[in-house]
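Asks: Got a structure for you, written out below as structure tokens; questions coming shortly.
The values are calculated or read from the model by the stated rules, or taken from the named source; none is laboratory data. Computed from a predicted structure; not experimentally measured. No Cβ is skipped: glycine too gets one built from the backbone with ideal geometry, and neighbour counts run over all protein chains shown. All accessible areas refer to the heavy atoms of the entire protein, side chains included, with ligands and DNA or RNA removed. Shrake-Rupley method; radii C 1.70, N 1.55, O 1.52, S 1.80 Å.
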Amino acid sequence: KILEIVQSHPEIIHDPAQRNIVAEKHGITEKTLRNRIADLKKYGVIEQEGKGGLAEPSTISKTSPNEIDLLYYIGLIWKRRKSLVINVVVVTFFATFISLIMPKTYRASAVLMPPQKSSGVGILNSLTSLPFGSLIPQSTDETMSFISILKSRTVTEEIIHKFNLIDLYKAKNTEETILALSDNVAFVVEDEGTLRISVDVATDWFHSEEQEKKARILSAEMANYFVEQLDVVNKGLKTQQASFQRMFIEGRYTQNIEDLKDAEDRLKTFQQKHKMVALSEQTKVAIEVAATIKGQILANKVKLGVMTTTLNPGHPDIDKIKKETEGLKLQLREMDYGSENYQSDKDNLFPVFSEVPELSVQVMRLKRDVEIQNTLFTFLTQQYEEAKIQEARDTPTVQILDMAISPIEKYKPRRSMLVLSVLILSILLYLIYIYVLGVKGKITRNKL
């Protein structure tokens, strides 16, 4: 209304008499009109022109609705400074009050060493020179297996029943409790390879010191119980696996004993049949005997030649030498090809030369079968004993670096950050409110 009056009667800005007349015409006092004109000058809506302090006719500012007049908005803020301070103080007070009564969350953490990687060699391999590894799969990187066990329903339900989490989370059933627990538990593999198990426990609104103490203790107990259940479940899985492996190796071990006995019996029967105590030594002795016989035959030929020149053809000595030579040749032939009389060959202590290669091959194969079964027997014996040890082992499978302890300080909320954020937000919102008021005022002014 004042802007309209000033636009119609610009002389009232510097003429008190005229200002008095116009004020009475519009039903207001001259003082009210003067004060409102002073406000418009202060906010820069009315711009004065003139020199030497003499007021000249002023003009109305023609600022664009979208133009930001810094002095104008500073004036609005200054005018509403009390309201700004009051609003900020009230909002900050309520934010502080809420931060004091809102639930506190305490976090306890347990840290596990990374599972050790095994070289894949059985624990009994040091007792033998066999170049074999273990049939039992050795542990590798089990970190992801640990996390899978920790997130399993088996462990989760055990935690829920142990600490009565259905009442703690005010859940309707176990399913809701599992979801609530998963939101308050974290399993993190850190850069160093360690596994951190963190459990958060929150208090109620308007909580007491006793409830805070219980939350601290409960967070640590839950984290440590997670570690305990991890060891129990992991140990059970390893024992079950070792039991299956032991039964498999036990069956193979029993079969190997039968195979070894059969191979030894076949070698024994073959040696008995061919009268082979030691084929190489028997063959060596037979060769020496054959050489002696051959030498004797040659010597008899020499004697027979000498006797033929000196004695009559029918002399008894000549017949004796001839018969002896024939007997030696027969003996040598039997050593080479064997006798037509089977019983004679059976009673012979030396192998027949013509059969030596075949006998050597057969003996080598039979001995190889025995050696293979014997080597396998040694290996399976080692693995069988190792499987029984693994099945009976009751040592911890989890290495604990840090046990969880009751936290002293709360994990959240961070009151200072909360209050500071609300303070800044309240100031920004109030400045936006003032800006909107200023834009509306400028639009009204420009319309005039």
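Asks: Give me the residue from the range 236-254 that is open to solvent by 80 Å² or more (accessible area, probe 1.4 Å) and aliphatic (A, V, I, L, M) and, out of that set, nearest to Tyr384 (Cα to Cα).
Replies: Taking the range 236-254 as the starting set, the residues that turn out to be open to solvent by 80 Å² or more (accessible area, probe 1.4 Å) are 237, 240-241, 244, 247-248, 252.
If we keep only those that are aliphatic (A, V, I, L, M) as well, we get 237, 247.
Values: Leu237: 19, Met247: 9 Å.
Per the criteria, the residue is Met247.
Asks: Right, here's the next one. Of all residues in the range 238-275, count the ones that are farther than 18 Å from Asp369 by Cα and either among the small types (Gly, Ala, Ser) or in a helix (DSSP H, G or I) (or both).
Replies: In the first step, residues of the range 238-275 are kept if they are farther than 18 Å from Asp369 by Cα; the result is 238-251, 273-275.
Then keep just the ones that are either among the small types (Gly, Ala, Ser) or in a helix (DSSP H, G or I) (or both); that gives 238-251, 273.
Total meeting the criteria: 15.
Asks: Follow-up. Go through (1) open to solvent by less than 80 Å² (accessible area, probe 1.4 Å); (2) modelled with pLDDT of 65 or more and name the single condition Phe353 misses.
Replies: (2)
Asks: Just to be sure before I move on: is Val89 modelled with pLDDT of 70 or more, within 52 Å of the chain's Cα centre (by Cα) and in a helix (DSSP H, G or I) in the structure I sent?
Replies: Against the criterion (modelled with pLDDT of 70 or more, within 52 Å of the chain's Cα centre (by Cα) and in a helix (DSSP H, G or I)), Val89 qualifies.
Asks: Specify which of the listed residues (Ser198, Ser243) is modelled with pLDDT under 90 and hydroxyl-bearing (Ser, Thr, Tyr). Talk me through it step by step, then tell me what you get.
Replies: Numbers: Ser198 fails: modelled with pLDDT under 90.
So the residue among Ser198, Ser243 that is modelled with pLDDT under 90 and hydroxyl-bearing (Ser, Thr, Tyr) is Ser243.
Asks: Please work out if Ile197 is touching an Asp or Glu at 6+ places or on another chain (Cβ under 8 Å), closer than 16 Å to Thr156 by Cβ and among the hydrophobic types (A, V, I, L, M, F, W, C).
Replies: Numbers: touching an Asp or Glu at 6+ places or on another chain (Cβ under 8 Å): no; closer than 16 Å to Thr156 by Cβ: yes; among the hydrophobic types (A, V, I, L, M, F, W, C): yes.
Answer is no for this residue.
Asks: Still on this structure, please answer the following. Name the pairs: first residue in the range 385-398 and at pLDDT 80 or above, second residue crowded, with 20+ Cβ neighbours inside 10 Å and hydroxyl-bearing (Ser, Thr, Tyr), Cβ to Cβ under 8 Å, at least 6 apart or on different chains?
Replies: From residues that are at pLDDT 80 or above, the pairs are Glu386/Ser134.
Asks: Which one of the conditions (1) under 17 Å from Arg107 (Cα atoms); (2) more than 22 Å from the chain's Cα centre (by Cα) does Leu195 fail to meet, given that it meets all the rest?
Replies: So the condition that Leu195 fails would be (2).
Asks: Before we move on, is Ile197 free of Cβ contacts under 8 Å to residues at least 40 places away in the same chain, touching a helix residue (DSSP H, G or I) at 6+ places or on another chain (Cβ under 6 Å) and surrounded by 13 or more Cβ atoms within 10 Å (Cβ to Cβ)? Write out each step before concluding.
Replies: Numbers: free of Cβ contacts under 8 Å to residues at least 40 places away in the same chain: no; touching a helix residue (DSSP H, G or I) at 6+ places or on another chain (Cβ under 6 Å): yes; surrounded by 13 or more Cβ atoms within 10 Å (Cβ to Cβ): yes.
In short, no.
Asks: I'd like the residue in the range 203-235 that is farther than 21 Å from Lys151 by Cα and among the small types (Gly, Ala, Ser) and, out of all such residues, is most open to solvent (accessible area, probe 1.4 Å). Reasoning before the result, please.
Replies: So the first thing to find is which residues in the range 203-235 are farther than 21 Å from Lys151 by Cα, and the list is 203-217.
Narrowing the set further to residues that are among the small types (Gly, Ala, Ser) leaves 208, 215.
Working: Ser208: 61, Ala215: 6 Å².
Only one residue tops the list, namely Ser208.
Asks: Here is a list: Glu47, Glu24. Which entry is at pLDDT 75 or above, over 60 Å from the mean Cα position of the chain (by Cα) and not aliphatic (A, V, I, L, M)?
Replies: Values: Glu47 fails: at pLDDT 75 or above.
None of the other options fit; the residue is Glu24.
Asks: Name every residue in the range 175-198 that is touching a Ser or Thr at 6+ places or on another chain (Cβ under 9 Å) and in a helix (DSSP H, G or I), in order of residue number.
Replies: Of everything in the range 175-198, those that are touching a Ser or Thr at 6+ places or on another chain (Cβ under 9 Å) and in a helix (DSSP H, G or I) turn out to be Thr177, Ile178, Leu181, Ser182.
Asks: Give me the pairs, please: first residue somewhere in the range 76-102 and on the phi > 0 side of the Ramachandran plot, second residue anywhere and part of a helix (DSSP H, G or I), beta-carbon distance under 8 Å, and either six or more positions apart or on two chains.
Replies: Partner pairs satisfying both residue conditions: none exist.
Asks: Looking at (1) closer than 22 Å to Gln362 by Cβ; (2) among the hydrophobic types (A, V, I, L, M, F, W, C); (3) at pLDDT 75 or above, can you tell me which one Ala286 breaks?
Replies: Result: Ala286 fails condition (3) only.
Asks: Could you go through the range 411-424 and let me know if any residue there is surrounded by fewer than 16 Cβ atoms within 10 Å (Cβ to Cβ), at pLDDT 75 or above and outside any helix (DSSP H, G or I).
Replies: Yes, the range 411-424 contains at least one residue that is surrounded by fewer than 16 Cβ atoms within 10 Å (Cβ to Cβ), at pLDDT 75 or above and outside any helix (DSSP H, G or I).
Asks: Within the range 425-448, can you find the residues that are at pLDDT below 75 and open to solvent by 100 Å² or more (accessible area, probe 1.4 Å)?
Replies: Passing the criteria: Lys440, Lys447.
Asks: Sticking with this structure for a sec: Six or more apart or on different chains, Cβ atoms under 7 Å: show the pairs whose first residue is in the range 404-432 and within 16 Å of Gln211 (Cβ to Cβ) and whose second is part of a helix (DSSP H, G or I) and open to solvent by 60 Å² or more (accessible area, probe 1.4 Å).
Replies: Every condition considered, the pairs that remain are Ser406/Ile217.
Asks: If you take the residues in the range 305-337 that are part of a helix (DSSP H, G or I) and hydrophobic (A, V, I, L, M, F, W, C), which one is modelled with the highest pLDDT?
Replies: Narrowing the range 305-337 to residues part of a helix (DSSP H, G or I): 305-310, 316-337.
Filter again for hydrophobic (A, V, I, L, M, F, W, C), leaving 306-307, 318, 321, 328, 330, 332, 335.
Numbers: Val306: 69, Met307: 72, Ile318: 76, Ile321: 79, Leu328: 74, Leu330: 74, Leu332: 64, Met335: 58.
Checked the range 305-337; the qualifying residue modelled with the highest pLDDT is Ile321.
Asks: Out of the range 181-194, which residues are open to solvent by 30 Å² or more (accessible area, probe 1.4 Å) and over 20 Å from Gln399 (Cα atoms)?
Replies: Correct list: Ser182, Asp183, Asn184.
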